[in-house]
Amino acid sequence: MATDLSDFIVIKEGEAEILMHTKNQVFYNKTQVNNRDISIAVMRAFVAKRQEEHEARLSKKKKIVPTDSEKDVSESVEEEVSNEPAVNGLSKKKKIVPTDSEKDVSESVVEEVSDEPAVNGNANGDCEMSEVISQDEPCSIPEEPSKTTEGKGRGELKPPRVLEALSASGLRALRYAREVEGIGQVVALDNDKVSVEACRRNIKFNGSVACSKVESHLVDARVHMLTHPKEYDVVDLDPYGSPSVFLDSAIQAVADGGMLMCTATDMAVLCGGNGEVCYSKYGSYPLKGKYCHEMALRILLACIESHANRYKRYIVPVLSVQMDFYVRVFVRVYSSAGAMKNTPLKLSYVYQCTGCDSFHLQPIGRTVTKNTSVRYLPGFGPIVPQNCTDCGKKFNMGGPIWSAPIHDQEWVTSILSDVKSMKNRYPAYGRISAVLTTISEELPDVPLFLSLHSLCSTLKCTSPSAVIFRSAVINAGYRISGTHVNPLGLKSDAPMDVIWDIMRCWVKNHPVKPQSSEHSGSVILAKEPVLQANFARAVASLSKAQIKKVARFLPNPERHWGPKLRAGRQITSKHISLLGPEAVNEILNQEEQKTEDDEEQNAKRQKTEDMTEVIPATS
């Protein structure tokens, strides 16, 4: 390579290596190793799951392959069906009256054709049936080659195409190409010329595998995604800040059944620091509760679903993670106008009491089933009175948020087992395995969580141990678990009046000092508990990970572990809190030395020019 390596440092992560310029020209964040590792783990699970789903479709096709004696009848039936013109994007099935000897065969074939699921809004059962019956006959519903993932007439599954919309140095794209088996083309985009040059330099630096799979383009990611609809099986969004401006185009670029990976690092906005800004970017109002980081996850999911619905699509969350200084969601994207109607059932508003930790969820929609028909209606409300029934204070209202499950537990279990079996291939194995372990033990159908210390702070009482509190909830007949978002957080399906009854019983055995009668804790404790709590140790009070003493929350691996500076920003002494004094001083010293060298070179150049002017050129 012609690149002068003296101006670069080599950074190795996983199986990829990149050249980083000492002037911070291209953004690289060491902290995001957790993000990249967990993305690779999910990508591996997606490639395997995609193959399983493809094989299941093929096995379903094989069940309807006709015998030799039935082939002529089935071909005639299929020919008449495929010759019928399409109406509103759907193939109209022609009514056929067969003879008595052909009736059973023709009915069975037509039934299998009509039972095939719709893809991309078209009933392609006829297309798949024609492929099984006659390989020479063209499909009755043509599809663009760039938008299909299966080989024509061969039942082959093409390797998944991946788009990294904001590549910067290209490290993530290189790790996908080198570490995920079965991956196809990886397209890395950036609208910064320096970043694209760095990405192409790193592609060459990583050898033939990277050169054959990864390509880099200088283009606006939004324009590229809009002009390549449904062409990518995986779209990865990891911007510096909010992803909101990319979501509309990204949701259109994902193929049906594909995956969208999205990161949001503007946690101050998502967690209630600037509620009006969050509403303008994500269409949801955040609340400053102990659960604010989980609410950030659910706000992002609700925003993605909103963008998907505009194009008759919907999402299915696979994994949603809050770690370090960001949130990261992995969702699969499908197209279905019918399934899209269920979106209001997955969204809720949140009522948070201003005086205590009580919160309540108000679903946006509901369904009414009569015979075989389903009607979609607005949700019943209000779910809470004007004043909190526990402490008498007012409610703040936030949302809407995603109130359906944010993880697929089958996927989480599969990803966790894969990570454990390949621990040497994950630089951040300890952190991501701890997060996945905690997620695997979360209650999937309970939105948000309580903080035990916050409950005790409201009542001004000593805190029971987590085991004692968990036991009381379990003995009352409810479920409870931890959360990966907060070590002190507890998810439970117990209503708030049960939670406060348990705390009232605890305070009776552990008295508190009298407080003002207007204090929220005093109002709560003034009421007699309806439920008599049982604090006897319950069998399920500890999770499996706690019993096995598996680490679930790990400290940061080094000091100043957090978000780094945006590329191109000049480093000064004010960045010590982000980078650390040693790193800042080293960079500043390098810059001073570089400045002195430049001044010396300029002085020499000026002296040479002056001498050239004094001594005239001889002929």
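The values are calculated or read from the model by the stated rules, or taken from the named source; none is laboratory data. Given the structure is predicted, the values throughout are model-derived calculations rather than measurements. Ideal geometry is used to build each Cβ from the backbone, glycine not excepted, and the neighbour counts take in all protein chains shown. Ligands, DNA and RNA are excluded from the accessible area calculation, which covers all protein heavy atoms including side chains. Shrake-Rupley method; radii C 1.70, N 1.55, O 1.52, S 1.80 Å.
Before moving on, here are some points about what is shown:
- Take residue 453: with every protein chain present and a 1.4 Å probe, its accessible area is about 100 Å².
- Within the accessible surface of segment 201-354, defined with a 1.4 Å probe on protein heavy atoms only, the carbon and sulfur portion equals 55 percent.
- Ordered from largest to smallest accessible area (heavy atoms of protein chains, 1.4 Å probe), the residues 287, 226 come out as 226, 287.
- Protection proxy ranking of 162-173, 412-423, by the mean of other Cβ atoms within 10 Å over each peptide's residues and highest first, is 162-173, 412-423.
- The listed residues 449, 535, once ranked by accessible area (1.4 Å probe) with the largest placed first, stand as 535, 449.
- In this calculation the C-beta distance from residue 601 to residue 208 is compared with R0 = 35 Å, giving a FRET efficiency of 0.35.
- Gain in span if fully extended, residue 369 to residue 383, counting 0.36 nm per residue against the direct Cα distance: 2.8 nm
- Residues in segment 159-284 average 33 Å² of solvent-accessible surface per residue, probe 1.4 Å, ligands and nucleic acids excluded.
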